[in-house]
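J.: Sending over a structure as structure tokens; questions will come in a sec.
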Amino acid sequence: MIRAQALSKTFGDKTAVDAIDFTVKPGRVTGFLGPNGAGKSTTMRMILGLDAPTSGTVTVNGHRHLTSPAPLRSIGALIDAHAFHPGRSARDHLRWLAASNGIPTTRVGEVLELVGLESVAGQRAGRYSLGMGQRLGIAAALIGDPPVVVLDEPVNGLDPEGIRWVRALARRLAEEGRTVFVSSHLMSEMALTADHLIVIGRGQILADTSTEDFIATHAVSYVRVKSPARAEIGALLTRAGHEVEVVDNALHVQGIDPAAIGDLVHRHGLAVHELTLVRSSLEDAFMTLTADSVEYVSKTREEVAA
């Protein structure tokens, strides 16, 4: 378990993390989301003891990570996937990590096989592709068979097969009862991976809830209705008090389910060609919640010209 209490970090006059409280529980994948500059990386570095909090505390299974005599056995982390000597082989890199924490060398072969690098384990790691470097970083995070795993952008540089593998790995680690904390900018992937979400913006916690509840709370679903009697159906739904919008020759209706619309239309003898419940995505919910927390906003060519 990871527990942060009134955790803060300032750099000069800038507050990167502002007195946040959260708990990352075992047995589930917790996603850590936020715009660039929100404080995600700083928070993760404080969890690992790489940055000292300005105030507040963060503990791993009840202890400060820096006090662990064998830190790789208590928490495994992928923060910088290429934190290895480029002239050293993957096998030697992992052997060095194992020796530093009293981990049996047999574990090296196990994690190399787990991440799919056993056939290239003797090559210099500096020759690895971005995706292979990510796999080696994940192997290093798991070398100590830790109960807590922290992964920052673990699918960066991976192909579709690799992305699916990381998703399955994260879920399997959680099913084994471990604490799994994952940061990513890929909303579609996080929607498939995370059971719970912690969302941060401008150094403050914006949401701490299940993925399902987050989407339901912060994004709106609607029913798409297509019909040759679009105007008549729209008028019926409006009179019934529902919000109706015309988009691309279809009605978008909020506040009512498809079955109720079908019943209403049937009673009036009107034809319907489509009734589809369009569920909002995690990306929609994230963009809605963090709209006021984005620190770096891009502009269109027209906006720049204006």
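Every number here is computed from the coordinates shown, using simple stated rules; none is lab data. Being a predicted model, the structure only gives us computed values, none of them experimental. All Cβ positions, even for glycine, are placed from backbone atoms using ideal geometry, and neighbour counts span all protein chains on display.
J.: Can you list the HN-Hα couplings for the range 196-202, worked out from phi with the Karplus curve (6.51, -1.76, 1.60; θ = phi - 60°), rounded to whole Hz and with x for Gly and Pro?
T.: 9, 10, 10, 10, 10, x, 6
J.: Which residue, THR30, THR15, THR238, has the most motion in a Gaussian network model of the chain that connects Cα atoms within less than 10 Å?
T.: THR238
J.: What share of the DSSP beta bridges in the chain is antiparallel, in percent to the nearest 5?
T.: Expressed as a percentage, antiparallel bridges in the chain total about 65.
J.: So what's the Cα pair-distance distribution over the range 2-217, bin width 10 Å, in %?
T.: Taking every Cα pair in the range 2-217, the percentages come to 9, 34, 36, 18, 3.
J.: Along the charge dipole of the chain, pointing to its positive end and built from +1/-1 on Cβ of Lys, Arg, Asp and Glu, which listed residue (LEU186, ASN156, ILE47) has its Cα farthest out?
T.: With unit charges placed on the Cβ atoms, the residue in question is ILE47.
J.: Also, quick follow-up: Taking amide hydrogens as modeled 1.01 Å from N in the peptide plane, which residues meet the under 5 Å criterion relative to SER183, leaving out close sequence neighbours?
T.: Under 5 Å from the amide H of SER183: PHE32, LEU151, ASP152, GLU153.
J.: Related question: Going through the range 116-213, which GluC sites (Glu not before Pro) have at most 16 other Cβ atoms within 10 Å and a DSSP loop state? Please list the in-between numbers first.
T.: Details: sites: GLU118, GLU161, GLU175, GLU176, GLU189, GLU212; in loops: GLU176.
Here the GluC sites (Glu not before Pro) that fit, given the DSSP loop and packing criteria, are GLU176.
J.: With both bridge residues required to lie in the range 132-261, what share of the DSSP beta bridges run antiparallel, to the nearest 5%? Could you put the intermediate results ahead of the total?
T.: Details: 14 of 19 bridges.
Restricted to the range 132-261, the bridges split so that about 75 percent are antiparallel.
J.: Hey, another quick one. Rounding to the nearest 20 debye, state how big the charge dipole of the chain is about its Cα centre with +1 on each Lys and Arg Cβ and -1 on each Asp and Glu Cβ.
T.: Dipole about the Cα centre, nearest 20: 920 debye.
J.: Calculated from DSSP H runs of 4 or more alone, at -39500 (n - 2.57) each and per residue, what is the 222 nm mean residue ellipticity of the chain, nearest 500?
T.: Details: 12 runs with 111 residues, N = 306.
Helix-only estimate at 222 nm: -10500 deg cm²/dmol.
J.: Cα-based Rg (one decimal) and Dmax (whole number) for the range 163-222, in Å?
T.: Just the Cα atoms of the range 163-222 yield Rg and Dmax of 12.6, 37 Å.
J.: Another question, then. What residues have an amide H closer than 5 Å to that of GLY201, excluding those fewer than 5 places away on the same chain, when H is modeled at 1.01 Å from N in the peptide plane?
T.: Under 5 Å from the amide H of GLY201 lie the amide H atoms of LEU206, each far enough along the sequence or on another chain.
J.: How would LEU169, LEU270, LEU33 line up from fewest to most surrounding beta-carbon atoms within 10 angstrom?
T.: LEU270, LEU169, LEU33
J.: Further question on the same structure: Could you tell me what % of all Cα pairs in the range 220-279 have separations over 14 Å?
T.: 45 percent
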